[in-house]
Amino acid sequence: MELSISDNIKNITKELPQNVSLVAVSKTQPVNYIQTAYDCGQRIFGENKVQEMTTKYEALSQLDIKWHLIGHLQTNKVKYIAHFVDMIHSVDSLKLLLEIDKHARKNDRIINCLLQFHIAEEETKFGLDYKEVVELLESEDYNNSKNVNIVGVMGMATYTEDTNQIRKEFSNLKDIQMRLKEKFFLNKSDFKEISMGMSNDWNIAVECGSTLLRIGSTIFGYRNYV
Ligand SMILES: *Cc1c(COP(=O)(O)O)cnc(C)c1O
């Protein structure tokens, strides 16, 4: 029997700890699926493409949805989302962060950002390493930027059946978040987000301390493409 979008969301959220939020990843899915999820209480939606997210935002602009950009973001596209995006999970360079800052300022907004770490074995995934992030956070440019709010870290585990491997990578991200908290954000109570866990590994992510689950196909069904 096929479950509905609302049942799928309920099944995921019913056992989640208080501090864990669900980002419903609606990429490639039609606007009426988003509306259905919204109607059963879902408020955070994740998209990985600027054009698609902007179109959906415009179609649903009367709803109080929090739009999260979860995919790789090119600096020249920041301007299209700066007026409405709630959080950008995929900050992977100082250059991008400064561009977000610039456009947030133009719109008189502060945009929440996560630093994306490369935690997987695969070469192909985007992301920074610890040393690069320390450099970024110590840079004068970052410290002068007032319209970005770094609230945590994001990562994607290796796509594998080996749950020990996944657990190791998620624990590593949790460890990184705690080290950064101690070194740079001790007095910043909103530096607390760890965005990790997708359809195939979200249970492990919760065990390892995730606060933002990015789940698509388990909610909306399979996609034709990524
Ligand atoms: C597509 C996507 C997800 C969700 O993937 P599912 O396996 O469908 O849950 C999560 N994070 C990112 C960055 C994605 O691109």
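Each reported figure results from applying straightforward, stated rules to the coordinates on display, with no laboratory input. Small disclaimer: the values here were computed from a predicted structure and weren't measured. Cβ sites come from the backbone with ideal geometry, for glycine too, and all protein chains shown count toward neighbours.
Could you give me the residue pairs with C-beta distances under 6 Å whose first residue belongs to the range 201-222 and is closer than 25 Å to Phe191 by Cβ and free of Cβ contacts under 8 Å to residues at least 40 places away in the same chain, whose second residue is more than 9 Å from the ligand (Cβ to nearest atom) and of a type in the set (Val, Ile, Thr) wherever it lies, and which are 6+ apart or on separate chains?
Taking only residues 6 or more apart or on different chains, the pairs are Gly209/Ile194.
Exactly one of (1) out of contact with any His (no Cβ under 8 Å at 6 or more places or on another chain); (2) free of Cβ contacts under 8 Å to residues at least 60 places away in the same chain; (3) within 13 Å of the ligand (Cβ to nearest atom) is unmet by Asp92. Its number?
Of (1) out of contact with any His (no Cβ under 8 Å at 6 or more places or on another chain); (2) free of Cβ contacts under 8 Å to residues at least 60 places away in the same chain; (3) within 13 Å of the ligand (Cβ to nearest atom), only one is false for Asp92: (1).
Hey, Ile65 hits all of (1) under 23 Å from Met196 (Cα atoms); (2) more than 16 Å from the ligand (Cβ to nearest atom); (3) touching a Ser or Thr at 6+ places or on another chain (Cβ under 9 Å) but one; which does it fall short on?
Result: Ile65 fails condition (3) only.
Pull out all pairs, ordered by first then second residue, where Cβ-Cβ is under 7 Å, the residues are six or more apart or on different chains, the first lies in the range 21-46 and is of a type in the set (D, E, K, R), and the second is more than 14 Å from the ligand (Cβ to nearest atom) and not in a loop (DSSP other than H, G, I, E, B).
Filtered contacts from the range 21-46: Arg43/Lys66.
Suppose we keep only residues that are buried (at least 18 other Cβ atoms within 10 Å of the Cβ) and of a type in the set (D, E, K, R) within the range 47-76. Which one would you say is farthest from the chain's Cα centre (by Cα)?
Result: Lys56.
Mind listing just one residue for me: the one in the range 178-211 that is farther than 15 Å from Ser26 by Cβ and of a type in the set (A, V, I, L, M) and, of those, farthest from the ligand (Cβ to nearest atom)?
Out of the qualifying residues, it is Leu186.
Tell me, which residue of the range 187-200 that is among the polar types (S, T, N, Q) and touching a residue at least 40 places away in the same chain (Cβ under 8 Å) is surrounded by the fewest Cβ atoms within 10 Å (Cβ to Cβ)?
So the residue we want is Asn200.
Test Ser6 against the criterion of being in contact with a Ser or Thr (Cβ under 8 Å, 6 or more places away or on another chain) and farther than 26 Å from Cys208 by Cβ, and give yes or no.
In short, yes.
Can you find a residue in the range 201-209 that is more than 20 Å from Gly127 (Cα to Cα) and among the β-branched types (Val, Ile, Thr)?
The answer is yes, given that some residue of the range 201-209 is more than 20 Å from Gly127 (Cα to Cα) and among the β-branched types (Val, Ile, Thr).
Among the residues of the range 164-177, what is the count of those that are more than 16 Å from the ligand (Cβ to nearest atom) and β-branched (Val, Ile, Thr)?
So the count comes out to 1.
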